[in-house]
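Notes follow the structure.
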Amino acid sequence: MDDDEQVRALVVRARAGENDAAGELMRSLYPLVARIVRGYRPQQAAEEDLCQMIFVKVFTRLGQFAGKVPLSHWVSRIAVNECRNQLAAEKRRPEMREADLRPEQVALLHNLPGEHGEISPSEKFEARELVEKLVASLPPIERLLIDMMYLQGRSVEETRAATGWSSAAIKVRAFRARQKMRRQLERWQ
């Protein structure tokens, strides 16, 4: 039996619900799917999650595989489309994961001092980078406001003069930006 016949036999068995055949298909197709995902997502932690989502789609749609093209081509198309969909979703709603942080930053997050507590000089660099990551995850307008008001220390009036926005709009946008940053911090903790 050649490779194409073996793959077709595995597909038939997997469609029939045989877990061994599905597992064999996954093992043989995983390198292909992982290579496609790595091309779209360089981060290792997200790669494994995305590969899992792709295989779920592959197996839920296995009944649609007509066999007119090689299985690897069919799976590649699903993988590419899922990667593109994931990237589009992240552009609409950027999300950072704890896995995106360095171990020192994760340790700092889990041991944050209280509102008036001091952090050590060695932790200040990590804290600054965390703030920069939080700010970078915001949409451009909110990022600008946070930078002007909290990182540059400008007042609402100075920000109003620089942007031309009303004071009320500045306060509301800054509040929403702080809420987004707070929610992101809570997800990390």
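The values are calculated or read from the model by the stated rules, or taken from the named source; none is laboratory data. Bear in mind the structure is a predicted one, so any value in this text is a computation, not a measurement. Accessible surface is based on the protein model in full, side chains and every heavy atom, while ligands, DNA and RNA are left aside. Shrake-Rupley method; radii C 1.70, N 1.55, O 1.52, S 1.80 Å.
Stretching the chain fully between E48 and F175 yields a gain of 42.2 nm (0.36 nm per residue, less the alpha carbon separation). Between E186 and V69, the contour length at 0.36 nm per residue exceeds the Cα-Cα span by 37.5 nm.
With protein chains left intact and a 1.4 Å probe, residues in the stretch 133-174 average 54 Å² of accessible area per residue. Compared with the direct C-alpha span, the chain from D3 to R143 gains 45.1 nm at full extension, assuming 0.36 nm per residue.
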